[in-house]
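Quick notes on the structure that follows.
What follows draws every value from the coordinates through simple rules; no lab data is involved. Keep in mind it's a predicted model, so treat the numbers as computed, not measured. With ideal geometry, Cβ positions are generated from the backbone for all residues, glycine too; neighbour counts draw on all protein chains shown.
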Amino acid sequence: MAKKKSSLKGLGARYGIKPRKQFTQVHNILKATRRCPDCGSTQFGRQVVGIWLCKKCGFKIAGTAYDVKL
Ligand SMILES: [Zn+2]
């Protein structure tokens, strides 16, 4: 009889514990509230990978994939 494996949330059980922790950390960084360096609005976030955009004033900046470096 085969043993039943327990599935975990997020990426599933196939990647091991370390990548799953990193995934959670990256996800939290990505979803964190940021302020626009130009107008101070909190409607500032990642538009696409590497491009960060302020929805209020349209300020656009190049950052890294998961975080802004100013
Ligand atoms: Zn702005």
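Structure above, values below:
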read-out: Pairs with Cβ under 6 Å, 6+ apart, first in the range 15-36 and in contact (Cβ under 8 Å) with a residue 40 or more places away in the chain, second away from the ligand (no atom under 16 Å from the Cβ); value: 26/66
read-out: Per-region count, the range 11-70, residues in a loop (DSSP other than H, G, I, E, B) and either β-branched (Val, Ile, Thr) or more than 10 Å from the ligand (Cβ to nearest atom) (or both); value: 19
